[in-house]
Protein chains: 2
Amino acid sequence: MLERNSAGGKRFRPRMVFTAYDALGGDDDDAVAGVGAAFELLHTALIVHDDVIDRDFSRRGIPNVSGSYRDTATTAGLSTPAAEHRGMSAAVIAGDLALTGASRLLMQVRCGGGVQARLLDILDEAIFVSAGGEMVDVELSLSPEVPTVDEILDMERAKTAVYSFEAPLQAGAVLAGAPEAVVQAVGEFGREVGVAYQVVDDLLGVFGTEESTGKTTLGDLREGKRTVLIAHAATTDEWFAIQPFIGKADLSVDEAAHVRARLESCGARSFAESLVEQHARRALDVLDGPEVTDTLRAALSPLVATVLERVR
Amino acid sequence: MLERNSAGGKRFRPRMVFTAYDALGGDDDDAVAGVGAAFELLHTALIVHDDVIDRDFSRRGIPNVSGSYRDTATTAGLSTPAAEHRGMSAAVIAGDLALTGASRLLMQVRCGGGVQARLLDILDEAIFVSAGGEMVDVELSLSPEVPTVDEILDMERAKTAVYSFEAPLQAGAVLAGAPEAVVQAVGEFGREVGVAYQVVDDLLGVFGTEESTGKTTLGDLREGKRTVLIAHAATTDEWFAIQPFIGKADLSVDEAAHVRARLESCGARSFAESLVEQHARRALDVLDGPEVTDTLRAALSPLVATVLERVR
């Protein structure tokens, strides 16, 4: 089930590892594949447990681990609560196996002892930061207060951006034997792109199209997801007209259209878009540093364009 | 919270590591402490996630991770469902950190590369087997059928005995540089003692005293826990008089006394006791093998006595 749940994704994190590694002259296909696979499996572990925490039984319309184990139990005649319990239990266990698998894959990469220790540090730090981000996300979602934009950005960075961008890019650089200044620069680049990416996600969750995102654009509003849009809107005079619809489980298409219009008129949409531009700009600035070679710059700058294109 | 939840236990798994290591001539205090701590933290990770799966908010009468996070949320004014959700979420995350921490501790042990690879294999295998045992436990608890004694023994061995006995004893032997035959013998010994220990747990869960076990002796019966006692009783003519009370959430003290009497008269108690004796005997037989030195035998045989004393 884990294999099925980790199949067919965008392989986004391995791509980060490969991009940095290739651009920095790495040529050990087996080693870089191992590091890439470790980050992919970490991603699987984190989304499987995230779904447990959110009590979700599907992801992008397809049954996830919990959903699959729930469904076979339901078919076998179990009651819904018992079947859901089976699903959630299987997902706790599956996430544990994926998490262990991620460390395990990294330990099996053939490289120098110093490089391996450094890679394990990066993975470990990514897990630690992601765990913190996940916990903050839980806390923010339970709090009656609307968080500030900075709280949202910190949470999104910790929960997703570090393990998806910063850490895999750094791991690729470390494996390629890059000097410390380059590893730092690549990490800083990843941090900025990662934050831009998360804010784009917030924008697409409300203003995207179902065709492009693969998920309903009512979801974020209906579940009252804490996003940069909401955090900014809450500081404006129009919040009174938005707030009643945030977290409204049966939000209609017309109500959603109203909320979108208000998020535009109050300036939340353009604020979020300017945040994306700002972090994208900072990412590109990092690439202008003296430690960044032309090859590395040429390899990384398209990532910024890719992120920006998602909202344009 | 993790620190609090891993404090004050019996340090049972580190003791297994130390016992084998010391008896086999190991003298690196730092290294053996690291290996022992890794198994203790693995234990913490597994019970924290086991409590998530069982939706338990306390362990031995004290709030566990979920319970602690639930309680501070309740105090802060959250509704019970929201507070419980916060508790469970924190426990999923805390277990992930403990699991990662276990591998991490083992990686930081200073020992030869070959020894370390072997230690990591042992830990990895223990996690994998425990995950399987946990899943089988979930399946057995949801099935309307009463499992067979062998199914129970296999589940208990996988869920608990491997990571509590077999793996830490083997890890101690490997760290001490013991020959492969000794590592195998120590593992086999651990497997037998571990199974004996689990069957003792089943016995104490029904026939123990609250003073000695620290938990109510109604719990196993009320939750309908699948144990060797139940599996054996289900094969006897007296099952019709026992079954109605197994899993009865409001089982009274008198009804429990009736069930205990029936578990004795049907032979389930003596069957379980003979199983304990049989596995304890097999454990001692392993110690009579030619590869087991006098020192090792002298160090390990008291473990068997300790297990047996718990039910005598």
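Here are a few things to note about the model shown:
- Rounded if a/c under 1.5, otherwise prolate or oblate - chain B, Cα gyration tensor axes: oblate
- Structure-based [θ]222 nm, the protein assembly as shown - -39500 (n - 2.57) summed over DSSP H runs of at least 4, per residue, nearest 500: -23000 deg cm²/dmol
- Among A:PRO147, A:PRO63, A:PRO81, residue whose mean-square fluctuation peaks in a GNM of chain A (springs only between Cα atoms under 10 Å): A:PRO81
- Starting from the label point of A:THR293 at 7 Å along Cα→Cβ, the same points in the other copies fall at 5.4 nm, in ascending order.
- Centroid-to-centroid separation of the stretch A:247-312 and the stretch B:249-312 [C-alpha atoms, Å]: 64 Å
- Per-residue ³J(HN,Hα) for the stretch B:156-173, Karplus 6.51 cos²θ - 1.76 cosθ + 1.60, θ = phi - 60°, Hz, x for Gly and Pro: 5, 4, 5, 5, 10, 5, 5, 7, 8, 10, 4, 5, x, 5, 5, 4, x, 5
- Stretchable slack from B:ASP28 to B:GLU210, in nm (0.36 nm times residue separation minus alpha-carbon distance): 61.6 nm
- Mean separation of Cα contacts under 8 Å, 6 or more apart, over the residue count of the stretch B:179-312: relative contact order %: 36 percent
- Relative contact order, percent, chain B [alpha-carbon distance under 8 Å, six or more residues apart]: 19 percent
- Across peptide A:130-142, the mean count of Cβ atoms from other chains lying within 10 Å of each residue's own Cβ comes to 4.
- Global form of the protein assembly as shown, assessed from the alpha-carbon gyration tensor, a/c cut-off 1.5: oblate
- The stretch B:1-143 - convex hull of the alpha-carbon atoms, volume per residue in Å³: 119 Å³
- The stretch A:40-83: C-alpha gyration tensor shape, a/c 1.5 cut-off, then a/b vs b/c: prolate
- Ordered by the number of other Cβ atoms lying within 10 Å of each residue's own Cβ, fewest first, A:VAL115, A:VAL199 fall into the sequence A:VAL115, A:VAL199.
- Inter-chain Cβ neighbour average for residues A:44-50, partner chain, 10 Å: 2
- Checking every one of the GluC sites (Glu not before Pro) in the stretch A:74-145 against DSSP loop status and a limit of 10 other Cβ atoms within 10 Å picks out A:GLU145.
- Taking every residue in B:84-91 and counting other chain Cβ atoms within 10 Å of its Cβ, the average works out to 5.
- Likely footprinting exposure, A:VAL228, A:VAL304, fewest C-beta neighbours within 10 Å first: A:VAL304, A:VAL228
- Here the relative contact order of the stretch B:1-143, from alpha carbon pairs under 8 Å that lie six or more residues apart, stands at 25 percent.
- Centre-to-centre, using Cα atoms only, the stretch B:75-129 and the stretch B:231-245 are separated by 39 Å.
- Placing a label point 7 Å from the Cα of B:MET1 along the Cα-to-Cβ direction, the residues of the stretch B:25-45 whose backbone N falls under 19 Å from that point are B:41-45.
- Theoretical FRET efficiency, 1/(1+(r/R0)^6), r = Cβ-Cβ of A:ALA305 and A:SER143, R0 35 Å, to 0.05: 0.45
- Computed on the stretch A:243-312, the Cα convex hull volume stands at 114 Å³ per residue.
- Under a 5 Å amide H cut-off, with hydrogens placed 1.01 Å from N, A:SER58 pairs with A:ASN64 among residues at least 5 apart or on other chains.
Laboratory data are not the source of any read-out in this text; all were calculated from the coordinates shown. Everything quoted here is computed from the prediction, not taken from an experiment. Note that each Cβ is placed from the backbone with ideal geometry, even for glycine, and that neighbours are counted across all protein chains shown.
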